[in-house]
Amino acid sequence: MGNLLRAPLQPLEQPGTKKARGRPVSVAVCYRDVAVLETIYSCGLRISELCGLTAGSIDWEEAIVRVRGKGKKERMLPIGAPALDAIRAYWGLLRQPPQGSDPVFQAGGEVIQPLSPRTFQSRLKQHLAVAGLDRPSHRTSCDTVMPPICWMPARICGVCRNCWATRTW
């Protein structure tokens, strides 16, 4: 997880790094991505829940986040100190810190909008590649897609247990 949390800050360590369109990488976006990863890791949130967080849903003293999930169900989840610190660092770089119903994680730009799930997914994919965690899945002889976790030395996989005997390495 450490490499993944450092990945969003790598463009800041390499001066002159630019986006695909030639624009410089925003410092606030890099710190936003760190805060997003810390929060999703700390709370175990779904992407849609993370993108729907508002500033008023964080209780800083109790370290609890109020989350609206599937079916408009509301949950109270603990949030770790590293995630809260990352959010504070990100908010410190914004012109105006979010308040009340403003989104915790903003898309960027002049208009205050929440980060979209699609944007988060593409950014996460980039950070996984930088951290070296983007290994492709592997198809087994029974045509089951094996996630990379199955490549661990234990060689035990509940999903494709039936094809271990016929698997070629």
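Remarks
- Sequence-ordered 3J(HN,Hα) estimates for the stretch 63-78 from the Karplus curve with 6.51, -1.76 and 1.60 and θ = phi - 60° stand at 6, 10, 10, 9, 10, 9, x, 4, x, 6, 6, 10, 10, 10, 10, x Hz, glycine and proline given as x.
- For the stretch 30-64 and the stretch 78-99, distance of Cα centres in Å: 9
- Spacing of the two label points (7 Å from each Cα toward its C-beta) at S122 and K72, in nm: 3.2
- Amide H contacts under 5 Å for A107: Q113, L115, restricted to partners 5 or more places along the chain or on a different chain, H placed in the peptide plane at 1.01 Å from N.
- Projected label distance in nm at S48 and Q113, using a 7 Å step from Cα toward the beta-carbon: 1.9
- Between the amide H of I64 and those of D59, I79, distances stay under 5 Å, these residues lying 5 or more places away or on another chain, with hydrogens modeled in the peptide plane.
- Loop-resident chymotrypsin sites (Phe, Trp or Tyr not before Pro) (DSSP state other than H, G, I, E or B) in the stretch 38-139 with no more than 12 further Cβ atoms inside 10 Å of their Cβ: W60.
- The H on the amide N of T54, modeled in the peptide plane, is under 5 Å from the matching H of V104, each at least 5 residues off or on a different chain.
- Remark: the stretch 104-113, residue by residue, has Karplus-estimated 3J(HN,Hα) of 5, 10, 9, 5, x, x, 7, 8, 7, 10 Hz, where x stands for each Gly or Pro and the curve is 6.51 cos²θ - 1.76 cosθ + 1.60 at θ = phi - 60°.
- For the stretch 88-98, Karplus couplings with θ = phi - 60° (6.51, -1.76, 1.60), whole Hz, Gly/Pro x: 4, 5, 5, 5, x, 8, 7, 4, 9, x, x
Every number here is computed from the coordinates shown, using simple stated rules; none is lab data. Keep in mind that this is a model prediction, so the values were computed, not measured. Neighbour counts are summed over all protein chains in view; Cβ atoms, including those assigned to glycine, are modelled from backbone coordinates with ideal geometry.
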